[in-house]
1. Right, Ala291: surrounded by 19 or more Cβ atoms within 10 Å (Cβ to Cβ) and without any contact (Cβ under 8 Å) to a residue 40 or more places away in the chain or not?
2. Can you tell me which residues in segment 43-80 are surrounded by fewer than 16 Cβ atoms within 10 Å (Cβ to Cβ) and either farther than 30 Å from Ala22 by Cα or away from the ligand (no atom under 16 Å from the Cβ) (or both)?
3. Among the hydroxyl-bearing types (Ser, Thr, Tyr) and surrounded by fewer than 22 Cβ atoms within 10 Å (Cβ to Cβ): is that true of Thr164 in this structure?
4. If I filter segment 226-254 down to residues being within 14 Å of the ligand (Cβ to nearest atom) and part of a loop (DSSP other than H, G, I, E, B), which single residue comes out as surrounded by the most Cβ atoms within 10 Å (Cβ to Cβ)?
5. Can you work out which of the residues in segment 142-176 that are β-branched (Val, Ile, Thr) and within 11 Å of the ligand (Cβ to nearest atom) is farthest from Leu255 (Cα to Cα)?
6. Please find, among Ala117, Ala122, the residue that is touching a residue at least 24 places away in the same chain (Cβ under 8 Å), within 8 Å of the ligand (Cβ to nearest atom) and surrounded by fewer than 21 Cβ atoms within 10 Å (Cβ to Cβ).
7. Please go through (1) polar (S, T, N, Q); (2) without any contact (Cβ under 8 Å) to a residue 24 or more places away in the chain; (3) not assigned by TED's automatic domain parsing to the domain that holds Leu221 for Ser18 and return the number of the only condition it doesn't satisfy.
8. Working only within segment 260-277, note down all residues that are touching a strand residue (DSSP E or B) at 6+ places or on another chain (Cβ under 6 Å) and of a type outside the set (D, E, K, R).
Amino acid sequence: MRAERPDVLVIGLGPAGSRAAAAAALSGFRVIALERRAAPGRPVQCAEFVPSLIEQDVPGLASVTVQAILRMRTDVEGEGFDESPYFRGRMIDRAHFDALLASEAARAGASCRYGVAALEIAPDGSVLGSDGRHLRPRLLIGADGPRSRIGQAAGRVNRDLVETRQITVPLSAPQDATDIFLKADYPGGYGWLFPKRMKANLGLGLVPEKKRRLKPLLLSLHRRLVAEGRVGADARDLTGGAIPVGGRLPAIGRLGRTPVLLAGDAAGLTNPVTGAGIAAAVQSGALAGEAASLWLSGRERALADYEEELSDLFDAAMARALARRRALLARYEAGGRPDAEALRAHWIAYPQYWASLNGEGRG
Ligand SMILES: Cc1cc2nc3c(=O)[nH]c(=O)nc-3n(C[C@H](O)[C@H](O)[C@H](O)COP(=O)(O)OP(=O)(O)OC[C@H]3O[C@@H](n4cnc5c(N)ncnc54)[C@H](O)[C@@H]3O)c2cc1C
C-alpha cells in the first residue's frame with residue numbers, strides 16, 4: 001500500500017498533541033493526528049487541577065471549568081493542615097478540556113483520526129497505524145504521553161515514573177482548597193483531595209516499586225477522611241496512570257531524515273514534585289507545532305530554537321523540583337524515613353522548598 005505523505009504527523013491527541021496539530025494546521029500545512037482512544041480525553045486519568053497561568057493559553061477555559069481554587073492546604077503526617085493562600089487555579093472537566101483542544105485542532109484543519117494507534121515506527125520515521133495505513137511525514141511530533149513510542153524510537157525515554165491510583169468520592173461540604181497529604185509512607189509521591197463542587201478526586205502517587213501499596217494506602221486515606229466526616233464512603237471512577245518525574249528529555253531528534261519533536265509528557269515536562277503537566281503540555285505542544293511550521297517553511301534553526309525555548313521555560317523550575325525530589329528519596333535509599341521537616345522541605349507550599357539550591361540541581 002502507498003504511504004500517505006502529510007507534512008506533519010502528530011501522535012497523540014492529549015493537550016500537547018492537539019495544540020501541536022492546531023498550530024501546524026493553522027500555518028497551512030497538511031497535518032494528520034492519530035489518537036488510539038476512541039474519543040479525546042476519555043477515560044480521564046487526571047486529578048483535573050490547572051494553575052491560573054493556563055488561562056492566557058486556553059481562552060475557552062471557562063467553558064470547561066468546574067470550580068475555582070483559591071488555596072492549597074498541606075497535611076504532613078496527619079498533624080493538621082498548613083494553609084497556603086494564593087495557590088490559585090481551576091478544577092476542570094478534563095474530558096471536556098481535551099475535547100475542546102481537539103476540536104480546535106480539527107477546526108484549524110488537522111485530520112484527527114480516533115481509535116488509531118501508531119503501531120510501528122520505522123527507522124526512517126514512517127509510521128504504521130493500527131488501521132493498516134502507512135504514513136510517511138516530513139516531520140513527526142510525539143505527543144503520546146509518558147510512555148511515548150515516538151520518544152522510545154528516537155532514544156528519549158522517561159525512566160523515572162510515579163504510579164498513581166485515584167477514585168472520585170462525595171464531598172460533605174464544598175471547598176475552595178486543594179488538599180495535599182504528605183507522609184513518609186508515600187515514597188516519591190503524595191495524596192491529594194481535589195474538590196469538584198460536591199465531589200472530589202482522591203488519589204495517591206508512589207514510586208513504581210511500591211505500586212502494590214497504592215490500593216491499601218488509598219483505602220486507608222479514604223477511610224480516614226470518611227471518619228473525619230469530610231467525604232462519603234462511595235468510591236467511583238477508579239483511574240490512575242504513570243507520571244514522568246525524571247525531568248525534561250531532549251525534545252528534538254531524528255529518525256533517518258525525518259525530524260522528530262517531542263512535547264508534553266513525552267518530553268518529560270511534568271513537574272517532578274507535583275506531577276502537574278497539563279499547562280506544560282499545552283505550552284510545549286503549541287511551540288512544537290509552531291517550530292514544525294517554521295522548519296517546513298525553510299527555517300533550519302527552528303528545531304534547535306524549540307529546544308532552547310523549552311529550556312528557557314522549564315529548566316529552572318525542573319532543576320529545583322528534581323533536587324528536592326532526589327534529596328527526599330535519598331533518605332529512603334539510606335535506609336531511613338524522612339521526618340516531617342524533610343517532607344515539608346520537598347513540597348512547594350513551604351519556604352524551604354524555595355530556598356537557595358546551594359549548587360544542587362545544577363549541571
Ligand atoms: C492520576 C493522574 C493525575 C494527574 N493530575 C494532574 C493535575 O491535576 N494537573 C496537572 O497539570 N497534571 C496532572 N497529571 C498529569 C497530566 O495528566 C499530564 O501531564 C498531561 O495529560 C500531559 O498531556 P500530554 O498531551 O503530554 O499527554 P496525554 O494527556 O497522556 O496524551 C497522550 C495521548 O497520546 C495517546 N497515545 C499514546 N500512545 C499512542 C499511540 N501509540 N498511538 C496513538 N495515540 C497514542 C494517548 O491515548 C493520549 O490520549 C496527572 C496525571 C495522572 C496520571
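1. Spelling it out, Ala291 is indeed surrounded by 19 or more Cβ atoms within 10 Å (Cβ to Cβ) and without any contact (Cβ under 8 Å) to a residue 40 or more places away in the chain.
2. Within segment 43-80, Pro59, Gly60, Ala62, Ser63, Leu70, Glu77, Gly78, Glu79, Gly80 meet the criteria.
3. no
4. This residue is Ala251.
5. Ile167
6. Ala117
7. It is condition (2) that Ser18 fails.
8. Answer for segment 260-277, where residues must be touching a strand residue (DSSP E or B) at 6+ places or on another chain (Cβ under 6 Å) and of a type outside the set (D, E, K, R): Val260, Leu261, Leu262, Ala266, Gly268, Thr270, Gly275.
The values are calculated or read from the model by the stated rules, or taken from the named source; none is laboratory data. Remember, predicted model here, so these are calculated numbers, not experimental data. Because the Cβ atoms are built from the backbone with ideal geometry, glycine has one as well, and the counts that use them run over all protein chains shown.
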